[in-house]
1. Return the pair list, or none, for Cβ contacts closer than 7 Å from residues in the range 7-30 that are free of Cβ contacts under 8 Å to residues at least 60 places away in the same chain to residues that are part of a loop (DSSP other than H, G, I, E, B) and surrounded by fewer than 17 Cβ atoms within 10 Å (Cβ to Cβ), at least 6 apart or on different chains.
2. Would you check which residues across the range 88-110 are hydrophobic (A, V, I, L, M, F, W, C), open to solvent by 70 Å² or more (accessible area, probe 1.4 Å) and within 21 Å of the chain's Cα centre (by Cα) and list them?
3. In the range 97-108, what count of residues is obtained for those that are among the polar types (S, T, N, Q) and touching a strand residue (DSSP E or B) at 6+ places or on another chain (Cβ under 9 Å)?
4. Would a scan of the range 62-69 turn up a residue that is at pLDDT below 80 and over 24 Å from Val105 (Cβ atoms)?
Amino acid sequence: MQALILVLNKVELLEDILAAMSKAGVSGATILDSQGMGSAIVSGKQDVPMFGSLKAFFDREHPYNKTLFTIVENEEKLQNAIDAIISVAGRLENANEGLMFTVPVGQVIGLRKTD
């Protein structure tokens, strides 16, 4: 089992990503409102010159993002989910697009089987 985590800065893509993941066989996910460290530092330290100069770098129309995570039972479904996200959001290679990664999961308690 793997946990698939997506930090999505382009929050306008969230609904399309969820639809694509559903088509790929992902039956559930948890979505959290989140904020990156740089954005949080800049918003709290605008009076400090160094942070003020970084403000333009971190300023976006939406300084917050969405963090989505799901548990995927097998490698095939994991790759399908990753491909579904990439089909909507791209490869997340540019600044301020997002980040996606996986983490091995040893045990899950409370997860219902969907197969």
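1. Val11/His62
2. Within the range 88-110, Ala95, Leu99, Phe101 meet the criteria.
3. Looking only at that region, the number is 1.
4. yes
The values are calculated or read from the model by the stated rules, or taken from the named source; none is laboratory data. Remember, predicted model here, so these are calculated numbers, not experimental data. Ideal geometry is used to build each Cβ from the backbone, glycine not excepted, and the neighbour counts take in all protein chains shown. Note: areas computed on protein heavy atoms with side chains; ligands, DNA, RNA excluded. Shrake-Rupley method; radii C 1.70, N 1.55, O 1.52, S 1.80 Å.
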